[in-house]
Amino acid sequence: DVPVYQYKKPDKSILQSRLAFISRNEELKIDDMILSHLCTVSGCDIRSALNTLQLLRHDDELAHDTAVFDTLGCKDTSANVFKVWEGLFISDQSMDGRKSSK
């Protein structure tokens, strides 16, 4: 048997507090409002939030742009695996039909 670990998502306030701690230690000056928004758009997903902080660490201007956070940290839930699969493996015949109709 292989052990299976299930983790529950942290509360938003706990994640925001931890992200603020990490930001201070990494000398990333980022507003609490931005961290709160990051927690919201990431769905309190720790990995997504940390990946976003890592990106912001390399581009300090982004850390202060609230418009950027409308997409940063967001998880892509708009396409399921079958839609992605179809998009990747469209037959050549389908592509030929699409080109001729334009």
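The values are calculated or read from the model by the stated rules, or taken from the named source; none is laboratory data. Everything numeric here is computed off the predicted structure, so don't read it as measured data. Because the Cβ atoms are built from the backbone with ideal geometry, glycine has one as well, and the counts that use them run over all protein chains shown.
Overview of results
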read-out	value
Check on Ile14, surrounded by 15 or more Cβ atoms within 10 Å (Cβ to Cβ) and modelled with pLDDT of 85 or more	no
Residue check, Ile30 surrounded by 11 or more Cβ atoms within 10 Å (Cβ to Cβ) and assigned to a loop (DSSP other than H, G, I, E, B)	yes
